[in-house]
Amino acid sequence: MKGRLLLALCLAVVAYAWLQGGRWYDQVARVRAGIYGLSHGQPRLDDLQAQIQSLQAENERLRAVLKLPRQGWKLSVTASTLYRSQLDLWMNRGSADGVTLRTVALHSGGLVGRVVEVQPHQCRVRPVLHPDSRVPVLLGQLQGVAHGQGWLLEVEEVRSRPQLEAGTLVTTSGLGEVFPASVLVGRVRRSLPSSEPMFARYEVEPSVFLDQVLEVLLVEVQP
C-alpha cells in the first residue's frame, strides 16, 4: 500500500512538471530525496533519542556530584573522558582551565582519583584503584589509608581490633588538604590478615569503576 502511494506521488509530480513545462527530472530527484529521507530518517531519530537519553542520565549523575559540600573549593569544572591509558584516565581539561596537580576528579558515585599530569588542554587522572594511589580515608569513624589493587582497594593502618562489618562506608577524611572530605570511596568487603597487632587491614570495593566514568567534576581544595 505504501509503495503504491509513493509511486502515485512520483507520477503526479512528473505530470505536474510536464504540464508546467519544467524540468521534470529535477522534480523527481527532489521527490526521491524526500522519500529517502523519510524512509531512512527513523534510524537516525532513534540514534539521536538514545544519545539524548544517555546525556540526560549522565547529567543526572553529575547533578548528584554537584550536591557534594563545596566549602573551600578553589576550582570546580566538568570534564569528559578522552581515553584510557592502562588504569589512568585522560580528560579534556588542562592548565588553560585552571587544572593543577592538586586537582581531584569526582563522579556521582564518589571519588575517581587525582590529577598527576597537566597539559594545556588535557590532564591525566590517576584513579584510586591505581597501585600508586594513596588516599586518607575514614571507615566509619576510624582513620586509614586506601591504596589501589587494580580492581579493588586495600585500606591499611586502621586502629581497630574489633572487625568492621561488611558494607561499612569508606569516605575521604580530608587529611592532607588534597582530597575533599566526606566523598564516598567504597564499602568494606572483608577484613584481611594483619601482621601489626594494633592495626587492621580491609579489602574495599570501590564506589566508582572506570568503565562508568564518562564525565567527572574536577575540583581543587583551598590549601
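Looking across region 99-120, the residues that are over 15 Å from ASP132 (Cα atoms) and surrounded by 15 or more Cβ atoms within 10 Å (Cβ to Cβ) come down to VAL99, ARG102, THR103, VAL104, ALA105, LEU106, HIS107, SER108, GLY109, GLY110, LEU111, VAL118.
Considering only region 143-169, how many residues are of a type in the set (A, V, I, L, M, F, W, C) and closer than 17 Å to PHE179 by Cα? Break it down into steps so the answer makes sense when it comes.
Taking region 143-169 as the starting set, the residues that turn out to be of a type in the set (A, V, I, L, M, F, W, C) are 145-146, 151-153, 155, 158, 164, 166, 169.
Narrowing the set further to residues that are closer than 17 Å to PHE179 by Cα leaves 145-146, 153, 155, 169.
Counting residues in region 143-169 that are of a type in the set (A, V, I, L, M, F, W, C) and closer than 17 Å to PHE179 by Cα gives 5.
Examine region 78-94 for a residue that is among the basic types (Lys, Arg), farther than 19 Å from VAL188 by Cβ and crowded, with 16+ Cβ neighbours inside 10 Å, and state whether such a residue exists. Yes, some residue in region 78-94 is among the basic types (Lys, Arg), farther than 19 Å from VAL188 by Cβ and crowded, with 16+ Cβ neighbours inside 10 Å.
Touching an Asp or Glu at 6+ places or on another chain (Cβ under 8 Å), of a type in the set (A, V, I, L, M) and in a strand (DSSP E or B): which single residue out of VAL112, VAL145 fits that description?
Details: VAL112 fails: touching an Asp or Glu at 6+ places or on another chain (Cβ under 8 Å).
From the options VAL112, VAL145, the qualifying one is VAL145.
Only residues that are farther than 23 Å from ASP211 by Cα and surrounded by 13 or more Cβ atoms within 10 Å (Cβ to Cβ) were counted across region 141-176, and they come to 14. Each residue in region 180-202 was checked for being at pLDDT 90 or above and aromatic (Phe, Trp, Tyr), and 1 pass.
The values are calculated or read from the model by the stated rules, or taken from the named source; none is laboratory data. Here the structure is a predicted model, which is why all the values come from computation and not from measurement. Here Cβ is always computed from backbone atoms with ideal geometry, including for glycine, and neighbour counts include all displayed protein chains.
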